[in-house]
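The structure appears right after this line, and notes come after that.
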Amino acid sequence: MKIVAKVVARAKRVHMTTLVRISAVFTILGLVLMVWSLLVPTPLPVMLAMSLGQAFGTSAFMLYLFAIFIDQRRGRRARRESQQNLQAEAERALRDREEPA
(Lines give C-alpha, C1' and ligand atoms only; values in the text may rest on other atoms or scores of the structure.)
Protein backbone atom coordinates (compact mmCIF):
# COMPACT_ATOMS: atom_id res chain seq x y z
CA MET A 1 0.00 0.00 0.00
CA LYS A 2 2.87 2.37 0.73
CA ILE A 3 4.29 1.79 -2.74
CA VAL A 4 1.00 2.77 -4.39
CA ALA A 5 0.81 5.92 -2.27
CA LYS A 6 4.35 6.88 -3.26
CA VAL A 7 3.65 6.32 -6.95
CA VAL A 8 0.45 8.37 -6.80
CA ALA A 9 2.19 11.18 -4.88
CA ARG A 10 4.99 11.30 -7.44
CA ALA A 11 2.58 11.15 -10.38
CA LYS A 12 0.57 14.09 -9.01
CA ARG A 13 3.61 16.33 -9.44
CA VAL A 14 3.87 15.49 -13.15
CA HIS A 15 2.28 17.96 -15.55
CA MET A 16 -0.87 16.85 -17.33
CA THR A 17 0.68 17.48 -20.74
CA THR A 18 3.48 15.05 -19.89
CA LEU A 19 1.02 12.34 -18.88
CA VAL A 20 -1.02 12.84 -22.04
CA ARG A 21 2.11 12.79 -24.22
CA ILE A 22 3.31 9.55 -22.65
CA SER A 23 -0.17 8.15 -23.19
CA ALA A 24 -0.05 9.16 -26.85
CA VAL A 25 3.35 7.50 -27.34
CA PHE A 26 2.10 4.28 -25.72
CA THR A 27 -0.98 4.38 -27.95
CA ILE A 28 1.11 4.78 -31.09
CA LEU A 29 3.43 1.93 -30.03
CA GLY A 30 0.44 -0.34 -29.44
CA LEU A 31 -1.06 0.57 -32.80
CA VAL A 32 2.24 -0.01 -34.60
CA LEU A 33 2.42 -3.49 -33.12
CA MET A 34 -1.18 -4.19 -34.14
CA VAL A 35 -0.63 -2.99 -37.71
CA TRP A 36 2.60 -4.99 -37.94
CA SER A 37 0.72 -8.13 -36.95
CA LEU A 38 -1.85 -7.43 -39.67
CA LEU A 39 0.76 -6.79 -42.37
CA VAL A 40 3.01 -9.72 -41.42
CA PRO A 41 0.70 -12.39 -39.99
CA THR A 42 3.42 -14.71 -38.70
CA PRO A 43 3.40 -16.01 -35.11
CA LEU A 44 5.94 -13.53 -33.64
CA PRO A 45 4.22 -10.28 -34.70
CA VAL A 46 0.81 -11.65 -33.72
CA MET A 47 2.04 -12.72 -30.28
CA LEU A 48 3.78 -9.39 -29.71
CA ALA A 49 0.71 -7.46 -30.81
CA MET A 50 -1.55 -9.47 -28.53
CA SER A 51 0.71 -9.14 -25.49
CA LEU A 52 2.80 -5.97 -25.75
CA GLY A 53 0.26 -4.14 -27.91
CA GLN A 54 -2.46 -4.75 -25.38
CA ALA A 55 -0.15 -3.76 -22.51
CA PHE A 56 0.78 -0.49 -24.26
CA GLY A 57 -2.86 0.26 -25.08
CA THR A 58 -4.10 -0.44 -21.58
CA SER A 59 -1.28 1.59 -20.02
CA ALA A 60 -2.02 4.50 -22.34
CA PHE A 61 -5.70 4.42 -21.45
CA MET A 62 -4.96 4.30 -17.71
CA LEU A 63 -2.51 7.22 -17.96
CA TYR A 64 -5.09 9.24 -19.85
CA LEU A 65 -7.79 8.51 -17.27
CA PHE A 66 -5.36 9.39 -14.47
CA ALA A 67 -4.55 12.71 -16.17
CA ILE A 68 -8.27 13.51 -16.44
CA PHE A 69 -8.85 12.55 -12.80
CA ILE A 70 -6.01 14.74 -11.49
CA ASP A 71 -7.08 17.64 -13.71
CA GLN A 72 -10.66 17.43 -12.41
CA ARG A 73 -9.45 17.40 -8.80
CA ARG A 74 -7.24 20.44 -9.40
CA GLY A 75 -10.16 22.30 -11.01
CA ARG A 76 -12.47 21.53 -8.10
CA ARG A 77 -9.85 22.62 -5.60
CA ALA A 78 -9.30 25.90 -7.45
CA ARG A 79 -13.05 26.60 -7.59
CA ARG A 80 -13.43 25.81 -3.89
CA GLU A 81 -10.56 28.13 -2.94
CA SER A 82 -11.94 30.87 -5.15
CA GLN A 83 -15.38 30.57 -3.52
CA GLN A 84 -13.80 30.68 -0.06
CA ASN A 85 -11.88 33.83 -1.02
CA LEU A 86 -15.07 35.46 -2.31
CA GLN A 87 -16.92 34.61 0.90
CA ALA A 88 -14.10 35.99 3.02
CA GLU A 89 -14.07 39.24 1.02
CA ALA A 90 -17.85 39.56 1.35
CA GLU A 91 -17.66 39.04 5.12
CA ARG A 92 -14.89 41.65 5.39
CA ALA A 93 -16.95 44.12 3.38
CA LEU A 94 -19.96 43.55 5.66
CA ARG A 95 -17.86 44.04 8.79
CA ASP A 96 -16.32 47.23 7.39
CA ARG A 97 -19.77 48.53 6.52
CA GLU A 98 -21.21 47.73 9.96
CA GLU A 99 -18.38 49.28 11.99
CA PRO A 100 -19.05 52.95 12.78
CA ALA A 101 -16.25 55.30 11.89
Contacts under 6 angstrom Cβ, first residue in region 25-41 being touching a residue at least 12 places away in the same chain (Cβ under 8 Å) and surrounded by 17 or more Cβ atoms within 10 Å (Cβ to Cβ), partner of a type in the set (Val, Ile, Thr) and in a helix (DSSP H, G or I), 6 or more apart = Ser37/Val46
Cβ-Cβ under 8 Å pairs, at least 6 apart or on other chains, region 66-84 side part of a helix (DSSP H, G or I), far side modelled with pLDDT under 85 | Phe66/Ala11; Ala67/Met16; Ile70/Ala11; Ile70/Lys12; Ile70/Met16; Asp71/Met16
What number goes with the only condition from (1) over 27 Å from the mean Cα position of the chain (by Cα); (2) part of a helix (DSSP H, G or I) that Pro41 does not pass?
-> (2)
Report yes if Thr42 is among the hydroxyl-bearing types (Ser, Thr, Tyr) and closer than 24 Å to Val4 by Cα, otherwise no.
-> no
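The values are calculated or read from the model by the stated rules, or taken from the named source; none is laboratory data. These numbers were taken from a predicted model, which means no experiment stands behind them. Methodologically, a virtual Cβ is constructed for each residue, glycine included, from the backbone with ideal geometry; neighbour enumeration extends over all protein chains shown.
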